[in-house]
Amino acid sequence: MVAPLVPKTPAKSVPNTSLLHMPTVRDLPVRGTCKMKRAALYVRVSTDRQTVENQIARLTDIAVGRGWQIVETFSDAGISGAKGRNERPGFDQMLKQAQRHRFDVVMVWAIDRIGRSLIDLLGTIQHLEACGVDLYLDQQAIDTTTPSGKLMFQVTGAFAEFERAMIRQRIHAGLKRAVANGKTLGRPLNDPKALDKARQALGSGMGINKVARQVGLAARLKAELVA
């Protein structure tokens, strides 16, 4: 007896996974790479008996924690913060390198390491701001890489302008008071008889500018020559 024929169910086709497209690194969305900030350390101690190593260690730990790359360390050892820029070679070099955009942020342990004069301090902050360089002060928790820190830059700039205006006002007030008290402004003449010599030269027909140069008088005294 012959068995009845049973129709065969067609087999389901299985896709060849070897032909499927697998995502590669090239197919993944590319995100903008974050540029690592370049940091410069500025450290200072007032006496030779002190060391800058503690300041460097502290600032280095902070830079590593923030992912900043330390590219330069500027140091002034045994130099008072009351000294000017021309007497602090490390400080002077740091400001010059900031102008050349060698780093993005200056890290300092405390604000008095920069300077102890308010005018000098505000001038330094404004200099760094003009160079596009941020400032991080550890002990004062000031960080101008943040929006609140940038606001501090603007506020200190206003204080700097106010301080300069007050200095100009005090100078002008002092000059007016000196004139009112009968004082003569300017440097005294090296030769007290210079005016008499100049008048004699003028009487001989010599020009006033030539007389002033020859006798050594300032331009402001020309009026006295012809008086």
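The values are calculated or read from the model by the stated rules, or taken from the named source; none is laboratory data. All values reported here derive from a predicted model rather than from experimental measurement. When we count neighbours, we look across all protein chains shown, and the Cβ atoms used for this are built from the backbone with ideal geometry, even at glycine.
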If only one of T146, T124 is of a type outside the set (F, W, Y) and in contact (Cβ under 8 Å) with a residue 12 or more places away in the chain, which one is it? T124
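Evaluate the following for S80: is it at pLDDT below 90 and either more than 13 Å from the chain's Cα centre (by Cα) or under 13 Å from V43 (Cα atoms) (or both)? Talk me through it step by step, then tell me what you get.
On the way: at pLDDT below 90: yes; either more than 13 Å from the chain's Cα centre (by Cα) or under 13 Å from V43 (Cα atoms) (or both): yes.
Criteria met by S80.
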